[in-house]
1. Please go through the range 142-181 and give me each residue that is open to solvent by 30 Å² or more (accessible area, probe 1.4 Å), under 20 Å from the mean Cα position of the chain (by Cα) and not polar (S, T, N, Q), ordered by number.
2. Residue check, Ile227 against (1) modelled with pLDDT of 75 or more; (2) open to solvent by less than 40 Å² (accessible area, probe 1.4 Å); (3) touching a strand residue (DSSP E or B) at 6+ places or on another chain (Cβ under 8 Å), all met but one. Which one?
3. Does the range 106-113 contain at least one residue that is among the small types (Gly, Ala, Ser), closer than 14 Å to Phe78 by Cβ and open to solvent by 10 Å² or more (accessible area, probe 1.4 Å)?
4. How many residues are farther than 23 Å from Asp135 by Cβ, open to solvent by 20 Å² or more (accessible area, probe 1.4 Å) and either of a type in the set (A, V, I, L, M) or over 12 Å from the mean Cα position of the chain (by Cα) (or both) when one looks only at the range 57-97?
5. Of everything in the range 280-333, what is among the aliphatic types (A, V, I, L, M), open to solvent by less than 50 Å² (accessible area, probe 1.4 Å) and in contact with a helix residue (DSSP H, G or I) (Cβ under 6 Å, 6 or more places away or on another chain)? Give them in sequence order.
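The values are calculated or read from the model by the stated rules, or taken from the named source; none is laboratory data. Given the structure is predicted, the values throughout are model-derived calculations rather than measurements. As a convention, Cβ positions derive from the backbone with ideal geometry for all residues, glycine included, and neighbour counts pool all protein chains shown. Surface accessibility is based on the protein's heavy atoms, side chains included, excluding ligands, DNA and RNA. Shrake-Rupley method; radii C 1.70, N 1.55, O 1.52, S 1.80 Å.
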Amino acid sequence: DLVFSLVGSEMCIRDSMNATTNHADKSWSILVDGHFKESDDLAQSFGGWGVDFRQLGPGRSPADLLQFGSPSFLVTKFHIGKPCDQRGSTPPGMLTLGFREKGSGMVSTPEGEVTDDGVWCFSAGREFSCTSQSDFRACGLSLSESLLDEVADIYDLWSIRTKLGSNRIIRCHQRTAIDKIHNRLAVISSLIRSGETALHALQQTRELELDLARQILELLAAPLDVIRPVMTNRRQLVLKRMLDYLEANPKSPVTVHELAKAVGAGVRTLEYVFRDYFGVTPKAYLTSRRLIGVRRELQRSDVETTRVGDVALSWGFWHLGRFSKVYQQFFGEQPSKTLGRD
């Protein structure tokens, strides 16, 4: 199974590994290996990223996450069942590459669509946003700057090393090379699950990291095409203004016409942006966004002092009976049950 996202907290990683002063003696470890009932639970397990997953359609969104590696080379594999709006930032001091698994649900970004043979390149600490369709599976690889520098020195790959760092999507003409890396990581994750000694029997950790980093640099050194954005510059600007406005006014029950006016665009343009990027209508997105806001507030509220109606009203749901029905359709449970859950 091939995030675009990876664990960014080295403190978390160090705590999960045997303490030692010799970096070469640090074996790879599993950081997270779990199944989650919904995407919000998944987001809370991404250390150091500040990742936010917001489902775009009704129903529970089950998810799986496997994270393993070391402070120099981190791997994240994840799966989300429902269409989702994803946001976050990449780990500081590390180059991050994202791969969509072959046959997985599609993913769109402001920079373009990530295809089966596409690689999404992130410079260190860069923010990202994308929308994924149902049954989305992806893998993210994050390599420290020092590891990349070392590999570039050893294998004389500085010509490609100096080109890394910009946020862009590239198409690789050697999908077999991507599959080779993917398959090797699958074997490694199985070995780690069976015990660290099995991994040491395969290869010393440092040698493993150097070899994988070499494969990645050689992959990026092959002939590549930079994917052109599917959205015009104008629509990308409208999308950014719209997202910024909604982040600044999270509880506002803004209408489509009001939002169009706020971002300086026509209603038709706004509809095109939502259709091309989110795959839903503006009204559906705005409603789901506020429903998710209500759910998150109920989940962190005290059942003894909180009333569902007060929370719903604060998020602009004036008709409480209709709100309760829509909430249950979207999340599969009554809001009172969300509030009462331990």
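1. Within the range 142-181, Arg168, Arg171 meet the criteria.
2. Of the numbered conditions (1) modelled with pLDDT of 75 or more; (2) open to solvent by less than 40 Å² (accessible area, probe 1.4 Å); (3) touching a strand residue (DSSP E or B) at 6+ places or on another chain (Cβ under 8 Å), the odd one out for Ile227 is (1).
3. No: the range 106-113 contains no residue that is among the small types (Gly, Ala, Ser), closer than 14 Å to Phe78 by Cβ and open to solvent by 10 Å² or more (accessible area, probe 1.4 Å).
4. Matching residues across the range 57-97 total 2.
5. Those that are among the aliphatic types (A, V, I, L, M), open to solvent by less than 50 Å² (accessible area, probe 1.4 Å) and in contact with a helix residue (DSSP H, G or I) (Cβ under 6 Å, 6 or more places away or on another chain): Leu291, Val294, Leu298, Val308, Val311, Ala312.
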